[in-house]
Amino acid sequence: MKLVIVGTGYVGLVSGACFAEFGYQTICIDKDIQKIQKLKLGKCPFYEPGMDHLLSKHLNETKLLSFSSSLTDTIKDADLVFITVGTPSKRLNEDADLTYVWSVADEIAKNIKKYCVVVTKSTVPVGTSKEIKKIIGKLVPEDLFDVVSNPEFLREGSAIDDFMRPDRVVIGSENSKSEKIMKELYRPLYLRETPIVSTSIETAEIIKYASNSFLATKITFINEIADLCEVVGANVQDVSKAMGIDQRIGNKFLNAGPGYGGSCFPKDVKAFSSTAKKFNIDLSIINAVDKANQKRIDKIGDKIMKHVKNNSVISFLGLSFKPNTDDIRDSSSIKLANYLFEKGYQIHCFDPVAMDNAKKEFNHFRYFESAFEACNNTNAIIIGTEWNEFRALNFSEISKIVKTKKIFDLRNIYNALELEKLGFKYYGTGK
Ligand code: UGA
């Protein structure tokens with residue numbers, strides 16, 4: 001099978017490299033010529049564990065992966081064309097902005113010469129894939145293409161593993177011909193007995209938003225329980241542990257923290273609710289989740305301000321929205337650091353991989369080469385992202401260089417007693 005992937009963002013590139021790993025001839029397309037030139041040299045535009053290896057393997061050794069900026073040259077003998085362009089929030093409201101999706105659909109329509117399956121992998125509101133079908137159908141006879149929805153469930157930082165060992169694959173199609181081709185595409189996963197869920201196109205589109213929104217709800221739920229635990233002297237980590245053992249609840253995504261961030265949950269929760277509104281459905285739980293998550297930064301910021309004097313210097317460790325990524329989009333750490341900066345605190349920060357991205361946008365923070373240096377002579381330490389390397393920091397040395405021994409462990413990665421023995425005042429989340 002020959003695959004064409006349109007859009008070399010996060011989803012497009014990871015999917016392209018992984019399909020090549022499955023053994024398919026895969027061409028990734030992007031209009032951004034500079035980006036394509038770098039990709040041809042094997043340079044991944046973002047940090048993702050394992051990507052450099054996959055790119056180099058399939059560009060240079062197997063030669064199954066290639067890059068191009070032209071859809072016209074590549075689509076003519078493709079069996080499957082994937083749409084993997086971004087669907088950011090619109091500037092003026094909370095809808096998903098589908099400009100890139102429509103323009104790719106137009107381009108595809110102009111270039112189809114033989115039967116192919118057009119697969120929507122971008123996260124799009126229900127109804128979008130059928131619109132794509134209409135756009136292509138204006139120029140291409142019905143028997144030359146099918147449209148399928150195949151949402152992705154890749155987490156940044158573990159995307160390759162998620163692709164190779166998914167919990168499930170969702171295929172939303174409207175006929176058995178395209179469904180069969182999609183099942184054949186994912187045949188390499190049969191060995192692992194990966195559940196393949198075949199649905200209608202609309203159902204597949206809803207599954208994606210419902211999954212992200214449910215996970216965001218779980219996080220927000222435990223964050224609110226954490227607030228209650230803090231005031232009554234309970235421990236939210238024990239609460240999540242005990243709740244999570246109940247298999248009906250499950251222990252994943254029950255870690256309290258500074259609120260969910262990243263390029264998916266915040267925008268998808270909003271877009272889901274906004275789509276439902278158009279059909280006169282009020283997703284009241286989802287709306288409440290969005291509101292609660294937005295309020296969380298102020299709440300945590302105000303808690304820190306109660307314990308750390310204004311004008312103090314704060315060490316901020318971790319800027320990415322989660323570990324193992326350099327992505328700072330909608331990062332709770334960045335939001336909190338900005339909140340505190342605006343209230344008059346100085347921010348000294350460190351992140352193992354996200355500092356270059358942060359420096360481009362936030363020149364009012366001071367950046368340091370290590371967590372240790374970022375803690376020199378400061379009045380409080382905030383752990384914003386639970387990078388593994390922060391778990392093993394030498395606090396006995398750090399206790400000698402900080403001005404005041406206070407630590408706000410927003411991700412609950414430390415043992416309070418051990419830090420208290422070193423003289424630190426410890427503030428966890430929900431305990
Ligand atoms: C999320 C979903 O997990 C993927 O399944 C989905 O494919 C992806 O969005 C997408 O739509 O493309 P991602 O945004 O990479 O993946 O990151 P998550 O691991 O889901 O984390 C999202 C946020 O929730 C992070 O800010 C993280 O710190 C926070 N989180 C997560 C918590 O605060 N507590 C938890 O217990 C888990």
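The values are calculated or read from the model by the stated rules, or taken from the named source; none is laboratory data. Just so it is clear, the model here is predicted, and its values are computed rather than measured. Positions of Cβ are backbone-derived with ideal geometry, glycine not excepted, and every protein chain shown enters the neighbour counts. All accessible areas refer to the heavy atoms of the entire protein, side chains included, with ligands and DNA or RNA removed. Shrake-Rupley method; radii C 1.70, N 1.55, O 1.52, S 1.80 Å.
At a glance:
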read-out	value
Percent accessible area from carbon and sulfur atoms, the stretch 225-427, protein chains only, probe 1.4 Å	50
12 Å Cα-Cα reach of Lys134 towards aspartates and glutamates, excluding residues that sit fewer than 8 places from it in its own chain	Asp106, Glu142, Asp146
Listed residues Lys121, Lys218, Lys38, most fluctuating in the chain (Gaussian network, C-alpha, under 10 Å)	Lys38
Additional length obtainable on full extension of the chain from Glu131 to Asn311, 0.36 nm per residue less Cα span	59.4 nm
Beta bridges by DSSP in the chain, antiparallel share as percent, to the nearest 5	5
By accessible area with a 1.4 Å probe, ligands and nucleic acids excluded, highest first: order of His53, His58	His53, His58
Loop-located GluC sites (Glu not before Pro) in the stretch 127-212 whose Cβ has at most 16 other Cβ within 10 Å (DSSP)	Glu193
Nearby lysines by direct alpha-carbon distance to Lys63 (threshold 26 angstrom, same-chain neighbours under 8 apart not counted)	Lys2, Lys31, Lys35, Lys38, Lys40, Lys43, Lys76, Lys113, Lys114, Lys121, Lys183
Gaussian network model of the chain, Cα within-10 Å springs - most flexible of Val104, Val140, Val197	Val197
Listed pairs Lys291/Lys322; Lys291/Lys405; Lys241/Lys267 exceeding 26 Å between Cα atoms	Lys291/Lys405; Lys241/Lys267
Distant-in-sequence amide H partners of Ser331 (H built 1.01 Å from N, under 5 Å)	Gly262
Relative contact order of the chain, pairs being alpha-carbon contacts under 8 Å that are 6 or more residues apart, as %	12
DSSP-assigned coil residues among trypsin sites (Lys or Arg not before Pro) in the stretch 339-377, each with at most 15 further Cβ atoms within 10 Å	Lys343
The chain - accessible surface per residue (Å², probe 1.4 Å)	47
For the stretch 243-326: rounded, prolate or oblate by the Cα gyration tensor [a/c cutoff 1.5]	prolate
Simple spin-label estimate for Asp32 and His364 in nanometres, 7 Å along Cα-Cβ	2.7
Cross-link reach list, aspartates and glutamates versus Lys303, counting only Cα pairs under 14 Å and skipping chain neighbours closer than eight places	Asp227, Glu230, Asp409
Alpha-carbon centroid distance for the pair the stretch 166-204 / the stretch 45-87, whole angstrom	21
Distant-in-sequence amide H partners of Gln25 (H built 1.01 Å from N, under 5 Å)	Leu3
Carbon and sulfur %, accessible surface of the stretch 1-49 computed with the full protein complex present, 1.4 Å	53
Sparse-neighbourhood loop sites, trypsin sites (Lys or Arg not before Pro) in the stretch 258-341 - DSSP loop, at most 14 other Cβ within 10 angstrom	Lys309
